1. Given +1 on the Cβ of Lys and Arg, -1 on the Cβ of Asp and Glu, and no further charges, what dipole in debye does the stretch 178-229 carry about its Cα centre, rounded to the nearest 20?
2. Among the lysines, select those whose C-alpha is under 28 Å from the C-alpha of Lys94, and discard any that sit fewer than 8 residues away in the same chain.
3. Projected onto the charge dipole of the stretch 138-229 (+1 at Lys/Arg Cβ, -1 at Asp/Glu Cβ, origin at the Cα centre), which of Asn198, Val225, Gly184 gives the Cα projection farthest towards the positive end?
4. Could you work out how far apart the two model spin labels at Lys94 and Ala182 are, taking each label as a point 7 Å from the Cα in the direction of the beta carbon, and quote it in nm?
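Quick note: the coordinates plus some simple rules give every number you see, no bench work behind them. Since the structure is predicted, the reported quantities are computational estimates derived from the model, not experimental observations. Here Cβ is always computed from backbone atoms with ideal geometry, including for glycine, and neighbour counts include all displayed protein chains.
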Amino acid sequence: MNVDTSVLNNINGGGANGLSARQSDELRESFMTLLITQLENQDPLNPMENSEMTSQLAQINTVSGIEELNSTLQGITSQMDANQALQASGLIGKGVMVPGKDILLEQDSEGDVYSTPFGIELAKPADNVKATIVGQGGQIIRKLDLGSVDAGVQSFEWDGINDQQEAVASGKYSVQLEATNAAGEKIESTALQYAVVNRVTPNDGSGSVRLDLGAIYGQINLNDVKQIL
């Protein structure tokens, strides 16, 4: 008489797939009942080998250990999520650089121009980076030569002046970036835009804390923040 392997498979499956504590306890009790029955009814001339019984006991002990480990890991994960949300709350009211191409520009009554910064993320250094400011209608407003730029995240300012050296109207503009090496070959880059963090939403199962950037940009993952200004 051998212990039904389906019992062991169900128990082991519970450790991996997350059976409830009640189900897991019931399976362990069934396993022990079958094991005891096997010992009581075994053939005296062909008893169960010690190694076989030890192996079966080791399996049930392994499942118990896995369940305890999973419980511990869940506690650690919950604590990490709480700490991440607490740290992210320090970003409320601060400006951040996130993937995007928008530049918001405003000119006050005295003619002073204020624009949000734009940025670039490079996997490796670029010998030359060019930025083209484009209007909402697709017209080219200004071309900027940013020169050489180191790898990583860098941010820049546009003074709100077009190629004719005139101040442009308030509104939303976009930036197009081109990064090249010394040979003129394009380097992969990501354009970044500026936004202000309004609120923080704790991890809701998406895997990351969510940041509310307001009505214009909506919500993003904390992992999308490339620079804090």
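1. So the dipole magnitude of the stretch 178-229 works out to roughly 180 debye.
2. Cross-link targets: Lys124, Lys130, Lys172, Lys226.
3. Asn198
4. 3.8
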